[in-house]
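The values are calculated or read from the model by the stated rules, or taken from the named source; none is laboratory data. Here the structure is a predicted model, which is why all the values come from computation and not from measurement. Because the Cβ atoms are built from the backbone with ideal geometry, glycine has one as well, and the counts that use them run over all protein chains shown. Just so you know, the surface numbers come from the protein's heavy atoms only, side chains and all, with ligands and any DNA or RNA stripped out. Shrake-Rupley method; radii C 1.70, N 1.55, O 1.52, S 1.80 Å.
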Amino acid sequence: MFPFLSNHGVLGLNARNLLYLKPYNPKKAVAFADNKLKSKAYLSARGIPVAKIYARVEDRVQLRAFDFGSLPDECVLKPNNGFGGEGIVILKGRKNGVFFENGRTPITDERLREHIEDILDGKFSVNGREDTAFFEKILVAHEGFAPFRPAGLPDVRIIVFNLVPVMAMVRVPTALSGGKANVHQGGIGIGIDLAKGITTHGFQYDHLIKELPHGAPVAGIPIPFWEDLLLIASRIQTITNIGYLAVDLTIDEDQGPVLLEVNARAGLGVQLANLAPLRARLERVKGIDVGSPEKGVRLAQDLFGQRVQKSQDTDDRPRLGLQESILIHGDGSTIKVRAALAPGVYERSQFAPDLIRDLLQQEAIEHDEETGLYRAKFTLGGRKIQTVVESSPINIDGVRAILGRRDLRDFLIDPSRRPVDNTVVPTRVVSDLRSVDRILSQFDRDLLVLRHLKPLNLQDERQRIIDDPLYTPIFTYAALEFDPDDVEKRLWSLSIDESPLGLLLKKKRLELVMRLEALKSRGDAARFTEASKALFGAPTAHLLLLADAALQSRIACELPPPAKEWLSAERAAPLFEEHFRRYGLHDWHVTIRDTLIADCTVGWKHLYIRSDARFTKQHVASLVAHEIETHVLTLENGEQQPYELFRRGFANYLDTQEGLAVYNQNRILPPFEDKRYGPARSVLAVEYSLHHPFVETRQYLEKELGYTTEKAVTKAIELKRGLGDTSQVGSFTKGLVYFRGQLAVENFVQNGGDLRRLYIGKVAVEDLELAEKVPGIKAPLLVPGFLRRKDEDK
């Protein structure tokens, strides 16, 4: 299976122990590596970045007195001398004082005490001896790890010998590994080209794999901070004097590279990940006079990868002087500040206390009370930087910030470059599209139409409708929690330019203004209906003609309904969960609720199912195509884009979203399946509801359009929400987007459009060309299986 295994340079377990561990790793060094608390404290004091330790428990006396309430809501419980990921408990979230393991399963203080007792007894210790338990900060994976769709925190394992990083792999947690990065538990190991920092080959359970679980290739993914990771690993060997060393590092979204642990007896799976023999590499660097970690990294890249040479003349990184202007992005404005560059003095950037105070007042910076640091976003040399900074006095005239090495990696510093002119410091910059994007995104969350159109008395009125077919409901709504006139004034005050992104944001702003009008007019049938038409449109004669033709074709070819096996919400839920796992959507969950109108809908990281809904397996498959393979995947891809607009949705994105969802579900459904005709029915239902009251609309849905009694009730409520007295005519017209969008997507495909283009986020097909002109937009990470198979067939 592995041709390279015939090479005598492969390192086996016995050879590793005899040739490298015994001569190069004395017992004292091994004991140091095994003691995570001791090694991390020692290395942290010498400049190696580590995660914060919240608390430690060394014996049962401390355990009995330990207050779990003193811990933050998210942390990791670990054994000090653990091995292979055993004994680690990830605590995410807390309700009524009770933690949730991995954010899902409640774990009581009593159960935590029992687990800590096991740790103290040495159950997870590498040598079986008594141990110490400690609680550590949860690290959040850097966005560069997103292509792996990990089920936990990935890490990078680097093997170092004679100060030379000789081999490395990224270890990806999966559902099979329980969210841990250990490859022997089902994690994925992927080799890394040492010179380029790009992934090469992958394996899982000793089998080569070419694709990750969600279908993306394992090869070709760049690892962020690659040279920093190599240098840290080599520096650790210098500090610890462990001759044969494995260093496990990760990349945190705030801290950047962080040490997880050092290992003096690492496994040998790294050879499978790289399809290369480790022993041959070790022998190649044995005895070389390296001298420094920097030289060790250069040797590694020259010897074990194709080194990309850069000269000063060809290096395209921006050049900076010793002082530059930075633009600090806030909520609707940007602050211009003079900054000095000192990468040789400071690791992290420093902001003056008075600047920190000003930025906090203008919501241009966030304080992390846990670390004492500040989260900031600024532009330097035309590049956007998101980082954390420290507050520190600055004694340089006119300078209010000092930039450290962490934020200057992507720049060249030229001391001969003349300082820039900063005569006006600070200056407010009125056109900042990133700030506008964030503001519109917040308004988009605040102005959710369906949430504000859900009647307060929905449950009671629904039951009365069911009990009495002639009952006319009267819906009541909660008061708005904001002043709509003030919101509209703030929306129009935003300054937006004419760039591609600016044009998209202007369209989004106009849509939000129309939403405001709909929300203000709830309860007033005539006014609300007109606002709904402005927002979602009204049935046109052409659309009605096409919808009627679609239904007539169904009637002409109507087949007898097949026998159906009905599934309850509880039985259907695991089927949806299976598809979440298939696409690497490990933080998505299925939740059953009593108060939904629809059978199934998508919320934030949840797919909601109505508790009394019933499903067939075919219905579940079509909902997977509709909800997961459309709405969820475009949401996840939108999260990877640099602008919130791609996640929250363009103006009029619903036509494209729902049209794509219908297109995808129709690929699953057999010809003349009843569900295929739902979008066309919705068009006729909206048209009828516009001119008839609730009771007549319900009867029309049931008698003329063929809805079941239960579905007719649900659909009638959907059509009349937003009205107060439903004996009046009028309708909520959102139901048009499904058929109208279906026609638009079908037309897009018929004209040669590539559906993958619609997966970059929640875009509108008519704005696709504008969207693709926005700088920094990334190709979609996740696409449905049938689109991946198209690539394979080419």
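Since only H691, L654, Q665 are under comparison, the one whose Cα sits farthest along the positive direction of the charge dipole of the range 653-693, derived from C-beta charges on Lys, Arg, Asp and Glu, is Q665.
Ordering S682, P784, T708 by Cα displacement along the dipole of the range 672-786 toward the positive end leaves P784 in first place; charges were set at the Cβ atoms of Lys, Arg (+1) and Asp, Glu (-1). Solvent-accessible area per residue in the chain equals 45 Å², computed with a 1.4 angstrom probe and all protein chains kept.
Using heavy atoms of the protein chains and a probe of 1.4 Å, the accessible area assigned to W604 is about 130 Å². Residues within the reach of a label modelled at F786 (point 7 angstrom out along Cα to beta-carbon, backbone nitrogen below 19 Å), restricted to the range 625-650, are 625-635. Rounded to the nearest 20, the size of the Cβ-charge dipole of the chain about its Cα centre is 1940 debye, with Lys and Arg at +1 and Asp and Glu at -1.
Using a 1.4 Å probe and counting only protein heavy atoms, arrange V686, V30 so the residue with the most accessible area comes first.
Details: V686 0, V30 25 Å².
Highest to lowest solvent-accessible surface, that is V30, V686.
The heavy atoms of Y608 offer some 30 square angstrom of accessible surface to a 1.4 angstrom probe. Accessible surface of the range 130-211, 1.4 Å probe: 53 percent of it comes from carbon and sulfur atoms. Out of every Cα-Cα pair that the range 726-794 contains, those further apart than 19 angstrom amount to 50 percent. Across the range 665-794, counting alpha-carbon atoms alone, Rg and Dmax equal 18.9, 57 Å. Considering only Cα atoms, the convex hull volume of the chain works out to 200 Å³ per residue.
Over the Cα atoms of the range 82-166, each weighted equally, I'd like the Debye log10 I(q)/I(0) at q = 0.14, 0.16 Å⁻¹, rounded to two decimals. The Debye formula, applied to the Cα set alone, gives -0.69, -0.85.
Along the axis of the charge dipole computed for the chain (Cβ charges of +1 for Lys and Arg, -1 for Asp and Glu, origin at the Cα centre), the listed residues F482, L450, A55 are led at the positive end by A55. For the range 603-667, what does the alpha-carbon gyration tensor say about shape, rounded, prolate or oblate, given a ≥ b ≥ c as the root eigenvalues, a/c under 1.5 as rounded, and a/b over b/c as prolate? It is prolate, given that a/c is not under 1.5 and a/b is the larger ratio. Here the range 207-276 and the range 495-531 have alpha carbon centers that stand 49 Å from each other.
Leaving ligands and nucleic acids out of the surface, order L535, L278 by accessible area at 1.4 Å, largest first. Please report the intermediate quantities before stating the final value.
Numbers: L535 25, L278 0 Å².
Accessible-area ranking of L535, L278, largest first: L535, L278.
Seen against the Cα atoms of the chain and their longest principal axis, helix 541-556 is set at about 90 degrees. Based on the Stokes-Einstein relation at 20 °C and a viscosity of 1.002 mPa s, and on the Kirkwood radius from alpha carbon pairs, the range 176-240 is assigned a translational diffusion coefficient of 163 µm²/s.
Axis angle, to the nearest 10 degrees, between helix 709-720 and the longest C-alpha principal axis of the chain: 90 degrees. Stokes-Einstein diffusion for the range 151-192, with the hydrodynamic radius set to the Kirkwood value over Cα pairs and evaluated at 10 °C in a medium of 1.306 mPa s, equals 152 µm²/s.
Give me the percent of the accessible area of the range 1-103 that comes from carbon and sulfur atoms, probe 1.4 Å, all protein chains in place.
Using a 1.4 Å probe with all protein chains present, the range 1-103 comes out at 55 percent carbon and sulfur.
Using a 1.4 angstrom probe on heavy atoms only, work out the carbon and sulfur share of the accessible area of the range 587-641 in %. Result for the range 587-641: 46 percent of the exposed heavy-atom area is carbon or sulfur. Peptides 763-770, 467-474 ranked from most to least packed by the mean count of surrounding Cβ atoms within 10 Å: 763-770, 467-474.
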